[in-house]
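Right, one structure below, let's go through it.
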Amino acid sequence: MKVIASPAYSNRLLNPYNYLLYSHVSKFGVEVEDFSVSRILLSRWNVWHLHWPEGYLNNPSLLKASLFTEGLLALLRLSRKRGIKIVWTVHNLRSHERYHELLENRFWKHFTSLVDGYIVLSETGRRELLKHYPHLENVPGFVIPHGHYRGVYPNEISREDSRRLLGLPSDAVVISFIGQIRAYKNVPRLMDVFMELSDNNVYLVIAGKPRNSEIRSVIEHKARLCQRIRPYLGFIPPEKIQIFLNSADLVVLPYSEIFHSGTALLALSFNRPVLVPNRGAMYELQRAVGRKWVMVYEPELTPDTLEHAINWALKTTRSREAPLSKFEWENIARETVNAYRVILQK
């Protein structure tokens, strides 16, 4: 079986999800290569597996977004005529930035009509997908979870050493946000809520690269208002992720919109308790790993919610490692290969 994936291995540095998936899929005798226009046109493939096809819609230029999405749709149509099955892993139902509403609506209508099979990361994901695109009831669909990141990144540094490197008091309570900083991730709201806490021994670490200069300016301005907010605004190299997670007592992901979260699984892979909104599949994540590791809140983050989560993070007795057996990559790869086989038979 030959699979071309968008992407397969090329985004390993930014997000090793795809690398982990396909390196395990390849162990089942499946040949997997990264997508390129020349590769898909010049070679024969059984499956074209797409992740984040909405990525082109996050370009603020309407012209560029239109050209790229039209080119993608044209290539998908041609590939289907050549007998290639189109498989979509549904990470999101809409683009994050929502720059081009009319173009986006048109894109999803045509894209979903070209899908031969889909993979969702949760039962919640399946329900939401079919609510938006009921015609996908007629194609094979599979629930296969996002895998964990345990063992992927270096994890040798101690809590004490990581705090020393960040200039944090060893006895402080540390709340952390990590990941690319985009508008929907609601980091300024987290900062506002944090500054309403009365405990001067609580620190907030924000680690990640802002999506644009406007978000950076807002975060830098708010950080100047409180010395206990420590921003590290840039790309976090893989070897330094351990510093920001091992220093934390609690990881907070205050997203205004969330469907699934690789960052939540990253934090759990470092055995950090996580606070997330009760949106998307976060309740399913809580059920999978337990209430000792994942706390959900609604409708929005407040000082009382954050204070309650801090007490929960500090006072809950937990096992040494978060229980992530449901997110093992070998099982995920096996289920993915089985999904390919079913779709190829249709």
**OP:** Go from 0 up to the bin containing the longest alpha carbon distance in the chain, width 20 Å each, and give me the % of pairs per bin.
**Re:** 29, 56, 15, 0
**OP:** Springs between alpha-carbon atoms under 10 Å, Gaussian network over the chain: tell me which of Ser176, Ser36, Ser247 tops the mean-square fluctuations.
**Re:** Ser36
**OP:** With 25 Å as the limit, write out which pairs from Lys109/Lys209; Lys109/Lys346; Lys85/Lys131; Lys240/Lys326; Lys64/Lys346 have Cα-Cα distances beyond it, or answer none.
**Re:** Lys109/Lys209; Lys240/Lys326; Lys64/Lys346
Subject >> Loop-located trypsin sites (Lys or Arg not before Pro) in segment 1-56, at most 13 other Cβ atoms within 10 Å (DSSP) >> reply: Arg44
Original post:
Once both labels are modelled 7 Å past Cα along the beta-carbon direction, what's the Lys326-Arg39 spacing in nm?
Top reply: 3.3
Original post:
What is segment 117-159 by shape, rounded, prolate or oblate, if you read a ≥ b ≥ c off the alpha carbon gyration tensor as root eigenvalues and call it rounded for a/c under 1.5, prolate for a/b larger than b/c, and oblate otherwise?
Top reply: prolate
Original post:
Measuring from label point to label point, each 7 Å out along Cα→Cβ, what is the Val342 to Arg94 span in nm?
Top reply: 2.9
Original post:
Could you give the semi-axes, largest first, of the ellipsoid that matches segment 171-319, computed as the square roots of 5 times the alpha carbon gyration tensor eigenvalues and rounded to whole Å?
Top reply: 21, 17, 16
Subject >> Hydrodynamic radius (Kirkwood) for segment 135-240, which is based on Cα pairs only, to one decimal in Å >> reply: 16.1
**OP:** Could you tell me how many degrees, from 0 to 90 and to the nearest 10, lie between the Cα long axis of helix 213-224 and the main elongation axis, the longest principal axis, of the Cα atoms of the chain?
**Re:** 20
**OP:** Please go through segment 81-190 and write out the GluC sites (Glu not before Pro) that DSSP classes as loop and that have at most 10 other C-beta atoms within 10 Å.
**Re:** Glu156
**OP:** Give the calculated FRET efficiency between Ser158 and Cys226 to the nearest 0.05, with a Förster radius of 25 Å applied to their Cβ-Cβ distance.
**Re:** 0.40
Original post:
Distances over 17 Å make up what percent of all Cα-Cα pairs in segment 8-138?
Top reply: 62
Original post:
When the Cα centres of segment 200-233 and segment 271-300 are compared, how far apart do they sit, in Å?
Top reply: 24
Original post:
For Glu239 and His308 in the same chain, what is the full-extension length gain: residue separation times 0.36 nm, less their Cα-Cα distance, in nm?
Top reply: 21.7 nm
**OP:** With the Cα gyration tensor of segment 235-346 in hand, give its eigenvalues times 5 under a square root as the equivalent ellipsoid semi-axes, listed largest first in whole angstrom.
**Re:** 28, 17, 14
Original post:
Of the trypsin sites (Lys or Arg not before Pro) in segment 283-342, which ones lie in a loop per DSSP and count no more than 16 other C-beta atoms within 10 Å?
Top reply: Arg291, Lys292, Arg318, Arg320
**OP:** Would you look at the GNM of the chain, springs on alpha carbons closer than 10 Å, and say which of Val32, Val139, Val90 moves the most?
**Re:** Val139
**OP:** Compute the Rg/Rh shape ratio of segment 131-196: radius of gyration over Kirkwood radius, all on alpha-carbon atoms.
**Re:** 1.17
Subject >> Positive-pole candidate from Pro16, Leu166, Val202, dipole of the chain, charges at beta carbon >> reply: Pro16
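Values quoted throughout were computed directly from the atomic coordinates according to the rules given, and no laboratory measurement underlies them. Please read all numbers here as calculations on a predicted model, not as lab measurements. Please note: Cβ atoms are built from the backbone with ideal geometry, for glycine as well, and neighbour counts cover all protein chains shown.
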